[in-house]
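K.L.:
Pasting a structure below so you can have a look.
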Amino acid sequence: MMKLTRILAFCCAVAVAAPLTLSGGEAAAQQPKPLGTFSAWSAFTYQEDGGLVCYVVSEPIKDDGDYTRRGKIYTLVTHRPAKKTTGVVSVVAGYQYADGGEALVSIGSSNYKLFTVDDHAWAATAADDKSIVDAMKKGANMVIKGKSSRNTSTTDTYSLNGFTRAYEEISKACKVAG
């Protein structure tokens, strides 16, 4: 549990730091406010450019691959109602993906391809995000496979326990349909 807390604190810092822009010496985003931890998933909100951002985050329960070094690994689902985006699925792999590579997501019998840029992966469309989120709500585990720029294959397994409850919390906080 302590490892999860440290990882989630790091994830929060990354999630907030990534979209920061400085304007008049003030940061455009604020520190995340925790909404709660629901089994394997935690929910947070923060302000960004005058709008509320709500997200859930989790780390894998198992990560496999023949690597010597790997950064933090986590998956997020984010609402940014001010930007009219909801349920955006993103993965941080902890390494640079291979150029032109894909991350493959499996939830039960459903499979999805995510496009990759640097160490991140996303669904290509809002419809894909919705399909993945719907599968996450119904599934028990999610497996994400990727390949690094050094040709190392990885397989990360996430528990989906608590995902639905965490997602409901961020949907309520951001006033979007869950």
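K.L.:
Pull up all non-local amide H partners of Asn161: gap of 5 or more, or a different chain, and H-to-H distance under 5 Å with H placed in the peptide plane.
P.N.:
So Asn161 has HN proximity to Ala40.
K.L.:
Excluding Val53 itself, what net charge comes from residues whose Cβ is under 10 Å from its Cβ, given Lys and Arg +1 and Asp and Glu -1?
P.N.:
Every neighbour counted, the sum reads 0.
K.L.:
Net charge within 12 Å of Lys83 by Cβ-Cβ distance, Lys/Arg positive one each and Asp/Glu negative one each, not counting Lys83 itself?
P.N.:
Numbers: positive: Arg80, Lys84; negative: Glu48, Asp49.
My count for the surroundings of Lys83 gives 0.
K.L.:
At a 10 Å Cβ-Cβ cut-off, how would you order Glu102, Glu48, fewest neighbours first?
P.N.:
Values: Glu102 17, Glu48 20.
Taking fewest neighbouring Cβ atoms as first place, the list is Glu102, Glu48.
K.L.:
Roughly how many whole Å is it from the C-alpha centroid of region 138-164 to that of region 74-102?
P.N.:
Region 138-164 and region 74-102 have Cα centres separated by 13 Å.
K.L.:
Also: Any of Lys62/Lys137; Lys33/Lys138; Lys33/Lys113; Lys72/Lys147; Lys84/Lys130 with alpha carbons more than 24 Å apart? Name them for me.
P.N.:
Beyond 24 Å: Lys33/Lys138; Lys33/Lys113.
K.L.:
May I ask you to evaluate 6.51 cos²θ - 1.76 cosθ + 1.60, the Karplus curve with θ = phi - 60°, for each residue of region 153-170 and list the ³J(HN,Hα) values in order in whole Hz, giving x for glycine and proline?
P.N.:
8, 10, 9, 10, 10, 10, 7, 9, 4, x, 4, 4, 5, 4, 5, 4, 5, 6
K.L.:
Right, something else. Run the simple label-point estimate for Phe115 and Lys172 please: 7 Å along Cα→C-beta, distance reported in nm.
P.N.:
3.6
Taken together, the values in this text are just the output of simple stated rules run on the coordinates, not laboratory data. Fair warning: this is a prediction, and the values are worked out from it, not measured in the lab. FYI the Cβ positions are ideal-geometry reconstructions off the backbone, even for glycines, and counts take in every protein chain you see.
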